[in-house]
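Enquirer: Structure provided below as structure tokens; questions to follow.
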Amino acid sequence: MIEAVRKQGEPIVNASQKAQADALVVQVKKAEKTGPAYVVFLNFDLQDQTCSLDLKPLTADSSFQYFHIGTADGSSSEQWMLTGTRPDYIVSQALYALLKRLPDCAWKDQLTQVRNDFFYDTGEKRGMKARYRYVLDVKHLNRGTTMEALMEEAKGDEKKWISLVKKELNQAVMEQLEIRPEDVGLWVCSVNGEFPQQSDDYRKLAWQLKEAAFEKAKKGKCSLCNEEATVTDDTSKLKFKSYITDKINFASGLSKDFSRNFQLCRPCHRQLILGEIRVMDECAARIGKLSLYIIPEFLFDDADRNVSEWRHDAINQGRAVLDMKAAYERDFQLIKDAWQQPRFNNPFTLHFLFYIKQQNEFRVIKLIKDVSPSRLIRLQRITAEMDQLGKVYFQRLNEPDHKDWIIDFQQIYWLFPLKENQGQLMEYRKLLQLYDAIFAEKPVERRIIVTKLLELAKVYRFGQTKAYQLSEPLGGNEDYAMITGLLKGLLLLKYLEMAHVLRGGEAMDVSLLSIEDALKDFILDMGYSESQTSLILLGMLVNQVARKQYDHNLTSKPILDKLNYQGMNLGKLQRLSTDVFAKLKQYKALYSVNEKMYADHTMLLHKNLARWDLSDQENVFYILSGYALGTRRLGKQKPE
């Protein structure tokens, strides 16, 4: 994977110095749902001794024009950038940190004057607190507030008075520019209407700080290119932490020497930095609240076609497995062509890097390596087949919100309940292991999948979505949400069987059954065993009872309370079977079709009692699935 990232940056290293500097730019894009976005300028006029605010609309070029390169690497690094997505650093430590690093030049003299004339000196400080010595003096915002008043309110807390200064600046923006602070995409510092960010000295500084690791470099062999060169084992400027280089027990000989773990020459170090930036800009994807990068690695460069086109197509093939519906909307022809073409002209593999980013910490939580194009296309085809299978058996004309039955990684995310704490996912490892198994065609225990699908049904049945990543059902209709979740759960199990992740059994001999042909077709297409079919039929009868109870104003459908979502053994299944038959008689629902269904259910149940092959959780899941199936008119319908 490291080599794949390095290759992303390789072409840029050979470009001009300006192109390499531009490669460091982190683009800020306008959020579609939040209205207009602006660039706000904090301009210091040294001649008139005034500080003024101005604004322009945020455009695609703004990040490049004002050289927005994000924040400094490392959680405790001094932030020296004069362009940012928040004003916190610009009104505090940016000038202090920049003046320490900027070489002697005209801009250094002007910025020193800005600091002396417009920033409040809170007094000498030591250590990490030295960066907070100078803070924008709010008197220049002309709102009548004084620094003395803010410092008294902050009671000596440096971060609090910076927060108060930021609050004053936000108020000035609202009053003078008549926009909301949340509509500001970029904050930019300027001097006399000009921008130090556009100077060569400022731009060169960005790369000098990225390569500061080579100040203590030594001779050695690069871990990537194997060349003897000047190398460093300091990877603090890299975003993707591939090797542990900050814990002594991982160092060679339990020393502080990490050079045997991983070391880089200057060209590979620069290529990795540029590659990471390119990956973050072009390869980002999301599955629900999970963030990831889809990183392509090609076998060779194609002379007849722009490499960036290959990268685009390869990444979109990966995106199609994650979210097929979005892929159709984005590039349907690419997906369609790939299915007809057995392999790409330029062989590649994809790496899926899942990560968590909190403040300045980047933590890899799962790396799925070397996924082939043939596997991607196979999964896309299975997804399309599941969509058609769902439309054949599950589609109802009055369900516009469920016109598709696509099973892809996005849908799997919503079928796999994950507990949350303050908006953060707490249980994502099993889901990532499932994604890995799907890509790598590794076996997974059916029990794990069924347990999660049963948990999904329980969450909707008892209205527990707030504890999970799941949204509340539309209109509060938990029963409908549970039904659609169960039906899609059946498709997920079939998807995993076809992907050779779950072992599928042979379908039972449906000639033994007296039920309708439409239901026999469904059992055959899904490949259900006799025990699975027995419980599916019992669940459909549970649905018949539930309907009658609902018609009798028992809207909670008490028959469902007889199900234990933790699982039910054979003894409890037999008691439930008897109870369901009694309720059918009570509600006068023993129609001919129901009698045949109950007869088939009991015949299969008793036939397999001695060799029952389902777990307690699977027992409940297939009963609930039958309940969900009872809401559909089973019969092969023509797909749209």
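The values are calculated or read from the model by the stated rules, or taken from the named source; none is laboratory data. Model, not experiment: these values are computed from the prediction. Every residue, glycine as well, gets a Cβ built from its backbone with ideal geometry; the counts of neighbours run over all protein chains shown. For accessibility, only protein heavy atoms count, side chains too; no ligands or nucleic acids. Shrake-Rupley method; radii C 1.70, N 1.55, O 1.52, S 1.80 Å.
Enquirer: Hey, could you check the range 86-127 for residues that are within 38 Å of the chain's Cα centre (by Cα) and of a type in the set (Phe, Trp, Tyr) and say which is surrounded by the fewest Cβ atoms within 10 Å (Cβ to Cβ)?
Expert: TYR96
Enquirer: Related question: Evaluate the following for LEU177: is it assigned by the TED database to the domain that holds SER52, surrounded by 20 or more Cβ atoms within 10 Å (Cβ to Cβ) and touching a residue at least 40 places away in the same chain (Cβ under 8 Å)?
Expert: no
Enquirer: Go over the candidates PHE462, PHE439, PHE416 one by one and state the one that is farther than 25 Å from LYS357 by Cβ, out of contact with any Asp or Glu (no Cβ under 7 Å at 6 or more places or on another chain) and outside the structural domain of ASP561 (by the TED database).
Expert: Just one listed residue meets the conditions, PHE462.
Enquirer: Being among the basic types (Lys, Arg), at pLDDT below 90 and either outside the structural domain of PRO267 (by the TED database) or surrounded by fewer than 13 Cβ atoms within 10 Å (Cβ to Cβ) (or both) is true for just one of LYS219, LYS159. Which residue is that?
Expert: It is LYS159.
Each row is one residue, and each column tells you yes or no for (1) at pLDDT below 95; (2) touching a helix residue (DSSP H, G or I) at 6+ places or on another chain (Cβ under 9 Å); (3) aromatic (Phe, Trp, Tyr); (4) over 25 Å from MET597 (Cβ atoms).
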{"residue": "PRO473", "(1), (2), (3), (4)": "yes, yes, no, yes"}
{"residue": "ASN477", "(1), (2), (3), (4)": "yes, no, no, yes"}
{"residue": "LEU487", "(1), (2), (3), (4)": "no, yes, no, no"}
{"residue": "LEU491", "(1), (2), (3), (4)": "no, yes, no, no"}
{"residue": "TYR495", "(1), (2), (3), (4)": "no, yes, yes, yes"}
{"residue": "MET498", "(1), (2), (3), (4)": "no, yes, no, yes"}
{"residue": "VAL501", "(1), (2), (3), (4)": "no, yes, no, yes"}
{"residue": "ALA507", "(1), (2), (3), (4)": "yes, yes, no, no"}
{"residue": "LEU512", "(1), (2), (3), (4)": "yes, yes, no, no"}
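Enquirer: Examine the range 44-66 for a residue that is at pLDDT 95 or above, aromatic (Phe, Trp, Tyr), closer than 28 Å to ASP137 by Cβ and within 38 Å of the chain's Cα centre (by Cα), and state whether such a residue exists.
Expert: yes
Enquirer: Continuing with the same structure: Looking at the structure I just gave you, is LEU58 more than 17 Å from LYS159 (Cβ to Cβ), open to solvent by 10 Å² or more (accessible area, probe 1.4 Å), of a type outside the set (Ser, Thr, Tyr) and touching a Gly at 6+ places or on another chain (Cβ under 9 Å)?
Expert: Against the criterion (more than 17 Å from LYS159 (Cβ to Cβ), open to solvent by 10 Å² or more (accessible area, probe 1.4 Å), of a type outside the set (Ser, Thr, Tyr) and touching a Gly at 6+ places or on another chain (Cβ under 9 Å)), LEU58 qualifies.
Enquirer: Looking only at the range 500-524, count every residue that is among the basic types (Lys, Arg) and not in a loop (DSSP other than H, G, I, E, B) and tell me the total.
Expert: 1
Enquirer: Tally up the residues in the range 128-149 that are more than 13 Å from TYR96 (Cα to Cα), aliphatic (A, V, I, L, M) and open to solvent by less than 40 Å² (accessible area, probe 1.4 Å), please.
Expert: The number of residues fulfilling the criteria is 3.
Enquirer: Just give me the residues in the range 348-384 being basic (Lys, Arg), surrounded by fewer than 16 Cβ atoms within 10 Å (Cβ to Cβ) and in a strand (DSSP E or B), in sequence order.
Expert: Scanning the range 348-384 gives LYS357, ARG363.
Enquirer: Could you count how many residues in the range 470-484 are touching a residue at least 60 places away in the same chain (Cβ under 8 Å) and surrounded by fewer than 22 Cβ atoms within 10 Å (Cβ to Cβ)?
Expert: 3
Enquirer: Mind listing whichever residues of the range 410-453 are under 20 Å from ARG363 (Cα atoms) and of a type in the set (Asp, Glu)?
Expert: GLU420, GLU427, ASP436
Enquirer: Can you confirm whether LYS391 is touching a Pro at 6+ places or on another chain (Cβ under 6 Å), in a helix (DSSP H, G or I) and either among the charged types (D, E, K, R) or closer than 24 Å to LEU563 by Cβ (or both)?
Expert: Spelling it out, LYS391 is indeed touching a Pro at 6+ places or on another chain (Cβ under 6 Å), in a helix (DSSP H, G or I) and either among the charged types (D, E, K, R) or closer than 24 Å to LEU563 by Cβ (or both).
Enquirer: Can you name every residue in the range 417-462 that is assigned to a loop (DSSP other than H, G, I, E, B), open to solvent by 20 Å² or more (accessible area, probe 1.4 Å) and either in contact with a Gly (Cβ under 7 Å, 6 or more places away or on another chain) or closer than 17 Å to SER291 by Cα (or both)?
Expert: Within the range 417-462, GLY423, MET426, GLU427 meet the criteria.
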